[in-house]
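Following: one structure in structure tokens, then a few remarks.
Every read-out reported here was derived from the displayed coordinates using simple, explicitly stated rules and does not represent laboratory data. Because the structure is a prediction, the values reported are computed rather than measured. We place every Cβ from the backbone using ideal geometry, glycine too, and count neighbours over all the protein chains shown.
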Amino acid sequence: MIRPTRRTATDADFARRRLAQLAVLGLTAGAAPAALPGSASAATPSSVKAPSASRAHYDRARRLAADDPVLRALVTALTPGSGLPPLPARAPVKLFDNLVLLSAGWVSAMAVLTDDGIVLIDALTSPADAEGVIIPGLRAVGADPAAIRHVVVTHGHADHFGGAQTFADRYGARVHMSPADWDLLDRTRPADAPVRDLDIADGAQLTLGGTTIELHHTPGHTPGTVSPVIPVQAGRRHHSAMLWGGLNPPSTVAELRTFLASVHSFRAVMRRANVEVELSNHPNDHGLERAEQLRHQPPGAANPFLLGGPRTQRYMAVMDAMLRGRIADAEEAAGAAGTGAGARGAHTVAASHARC
Ligand SMILES: [Zn+2]
Ligand SMILES: [Zn+2]
């Protein structure tokens, strides 16, 4: 069940200011761990201060992250009270020979280029984003948007499905989503929802032009969140990339436990697929900074998205530890609020904004 936070403008402003501060901290080399978000010394309102049961998990996540900017960004994103920065759209970047990042700033889509057309992973927030970001972005990198054959929607939130129907209507693209999130859209009937099309089964393989993308159910952020494993190429080198389909934690203990179980099952998938590349559909992984680095670095320099196997596994270990902290927070809040109001109390502490 989705429980959107109804923030006041003042709260939203505070969250943005705080995130800007955290981003600076997260990017500052050598910043003391004690100054990171979620620690006892961070200047946070009492409602989001980490209680003792969760602190050990958050501290472990920070130790795992150490000074790795990708992992530190993940810690920040999963710290209670954090939010997404309001960032402007930017020019597309080819992250690999066959993978294009199409970013509206605070949310991104990926285009997988194959010999027989394009698979789009997510479709940004709206038909306007389809027209204004994805279509011109593909043309800018020399790809033909009319070649979009499939749109894989990672989950049923508007910032991921908003542009999907544009590609179905204009180019005949098929739209894929998990049954649980098609059901979510059937229940909630949001604006710009795509017409129900193809179901994604857990572990499904989507093949186009000799490229096979694996689609795995990783429920938690929504009941039917899907995380792809994508083969990418850099010259003659081939790698396996993962994209975690929905990061922002849900509200209740039960939903958080589902999320944690998905982290575990997907880690096993990643090991089997020898995943070495980490991708995200929101800038919660130092991704936009890495994309800019890639855009400006000389040819042949190391690709900042190619983390290697151990570091991508450590990324998931950080996610695991942060989720355990969130579960401890939610359990503590539920206990403090009493059984009747437990869910509401957990929601306050989790400061969930699961709509993105
Ligand atoms: Zn989102
Ligand atoms: Zn979402």
Check your understanding: Hey, among the residues in the range 138-154 that are under 13 Å from ALA109 (Cβ atoms) and either crowded, with 24+ Cβ neighbours inside 10 Å or among the charged types (D, E, K, R) (or both), which one's farthest from ligand 1 (Cβ to nearest atom)?
Key -> ILE148
Review point. If you take just the helices (runs of 4 or more DSSP H) that sit entirely in the range 55-164, which of them hold at least 2 residues that are within 16 Å of ligand 2 (Cβ to nearest atom) and farther than 30 Å from SER251 by Cβ?
Key: none
Practice item. Could you tell me which of the residues ASP183, ASP192, ASP199 is touching a helix residue (DSSP H, G or I) at 6+ places or on another chain (Cβ under 6 Å) and among the acidic types (Asp, Glu)? Key: ASP199
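Go through the range 159-184 and count every residue that is surrounded by fewer than 20 Cβ atoms within 10 Å (Cβ to Cβ) and within 23 Å of the chain's Cα centre (by Cα).
Our first condition is that a residue be surrounded by fewer than 20 Cβ atoms within 10 Å (Cβ to Cβ); within the range 159-184, this holds for 168-172, 174, 179-180, 183.
Applying the additional criterion that residues be within 23 Å of the chain's Cα centre (by Cα) yields 174, 179-180, 183.
Qualifying residue count for the region: 4.
Of these, ALA291, ALA241, ALA273, which one is touching a strand residue (DSSP E or B) at 6+ places or on another chain (Cβ under 6 Å), away from ligand 2 (no atom under 16 Å from the Cβ), touching a residue at least 24 places away in the same chain (Cβ under 8 Å) and farther than 22 Å from ASP68 by Cα? Walk me through how you get there before you give the answer.
Working: ALA291 fails: farther than 22 Å from ASP68 by Cα; ALA241 fails: farther than 22 Å from ASP68 by Cα.
Exactly one residue qualifies, and that residue is ALA273.
Taking the residues in the range 185-197 that are touching a Phe, Trp or Tyr at 6+ places or on another chain (Cβ under 9 Å) and within 22 Å of ILE148 (Cα to Cα) as candidates, determine which candidate is surrounded by the most Cβ atoms within 10 Å (Cβ to Cβ).
Of the residues in the range 185-197, the ones touching a Phe, Trp or Tyr at 6+ places or on another chain (Cβ under 9 Å) are 185, 190, 192-194, 196-197.
Filter once more, keeping what is within 22 Å of ILE148 (Cα to Cα): 192-194, 196-197.
Working: ASP192: 18, ALA193: 20, PRO194: 24, ARG196: 13, ASP197: 17.
The extreme case among them is PRO194.
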Study note, to complete from the structure: With criteria (1) touching a strand residue (DSSP E or B) at 6+ places or on another chain (Cβ under 8 Å); (2) acidic (Asp, Glu); (3) farther than 17 Å from VAL153 by Cα, GLU131 comes up short on (1)
Review point. Does ALA123 satisfy being touching an Asp or Glu at 6+ places or on another chain (Cβ under 8 Å) and more than 16 Å from ligand 1 (Cβ to nearest atom)?
Key: no
